[in-house]
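The values are calculated or read from the model by the stated rules, or taken from the named source; none is laboratory data. All values reported here derive from a predicted model rather than from experimental measurement. Note: ideal-geometry Cβ built from the backbone for every residue, glycine included; neighbour counts use all protein chains shown. We work out accessible area using only protein heavy atoms, side chains counted, and drop any ligands, DNA or RNA first. Shrake-Rupley method; radii C 1.70, N 1.55, O 1.52, S 1.80 Å.
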Amino acid sequence: MEENPVLIFDSGIGGLTVLREARVLMPERNFVYVADDAGFPYGSWNEPELKSRILALFEDLLARFKPVVVVIACNTAFTLAGAALRQTFPEMTFVGTVPAIKPAAERTRSGLVSVLATPGTVKRAYTRDLIESFASQCHVRLVGSQNLAAMAERYVRGDAIADEDVRREISECFLEKDGRKTDIVVLACTHYPFMANTFRRLAPWPVDWLDPAEAIARQARRLVPTVNHLKSGDMPDIAYFTSGETDFATRRLIQGFGLQV
Ligand code: DGL
């Protein structure tokens, strides 16, 4: 029996960190992975242009793939266009990704939390509102990295990334104040968990690197209707790249995630 797929969306490979978790929770479902690689990186776009792009793209994606639920596995996209997507396509259920500021504020002991994100997410009113609503008792440092998402793209395709380059991007996350130290860094870009082991190795002291992928997948699980049969082997999960061009390293990576381009 064929069900409508769950569509997972990101600007690049970041949403694969969410796909990984979603597959475990919804093994009976087919997935379509969409990377808007033609628009990557989202982090450096102007807000109005990026919002229009995402809305126009979904006009096509919803008609093309007829998903049961859409997971916007991208902080940069959802903090900007989440509300507009829900308003424009009221029939569709959108699961969002926002910086995990609330769980970080609940968990921190030192009260010093950093949010490592794209420059776009750092600028968003949505992010400021999250801090005001859930973390006003904490000192939250927003760190917008120009280069990390692109580094993660290269890293997962097997390129070597110099330690110094990574250290430069993450160093601002570490703050010491009145004898206290940052103890949580929120990975507020879905690309970053791919590099979490490198971050751990290069961190000046141990911190909790908060990856929201599992929580996003759980939320999707709650919203996707359960079916009482296993997935048939006939329908492959697919990946769709908006550029229409995928090089060998990308196809290899995508195949490693059990997807067909
Ligand atoms: N993966 C995206 C996020 O979660 C952003 C990457 C980009 O700059 O396009 O924010």
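Cross-linked pairs 51/123; 66/231; 51/231: Cα-Cα separations exceed 24 Å for 51/231. Within the chain, the proportion of C-alpha pairs whose separation exceeds 34 Å stands at 16%.
Ranked from largest, the principal axis spans of the Cα set of the stretch 1-87 equal 42, 25, 22 Å. The modelled label-to-label distance between residue 93 and residue 245, using points 7 Å beyond Cα along the C-beta direction, is 3.8 nm.
Packing, as the average of other Cβ atoms within 10 Å across residues, places the peptides 226-238, 49-61 in the order 49-61, 226-238, highest first. For the pair the stretch 186-261 and the stretch 1-76, the centres of their Cα atoms are 11 angstrom apart. Counting only protein heavy atoms and using a 1.4 Å probe, what share of the accessible area of the stretch 1-77 belongs to carbon plus sulfur, as a whole percent? So the carbon and sulfur contribution to the accessible surface is 52 percent. For the peptides 180-193, 148-161, residues were scored by their other Cβ atoms within 10 Å and the scores averaged per peptide; the highest-first order is 180-193, 148-161. Protein heavy-atom accessible surface, 1.4 Å probe, per residue over the chain: 47 Å². Classify the stretch 65-193 from the C-alpha gyration tensor, please: rounded if a/c falls under 1.5, else prolate or oblate depending on whether a/b exceeds b/c. It comes out oblate by the Cα gyration axes.
The residue 3 and residue 107 beta-carbon pair, evaluated with R₀ = 45 Å, returns a calculated FRET efficiency of approximately 0.80.
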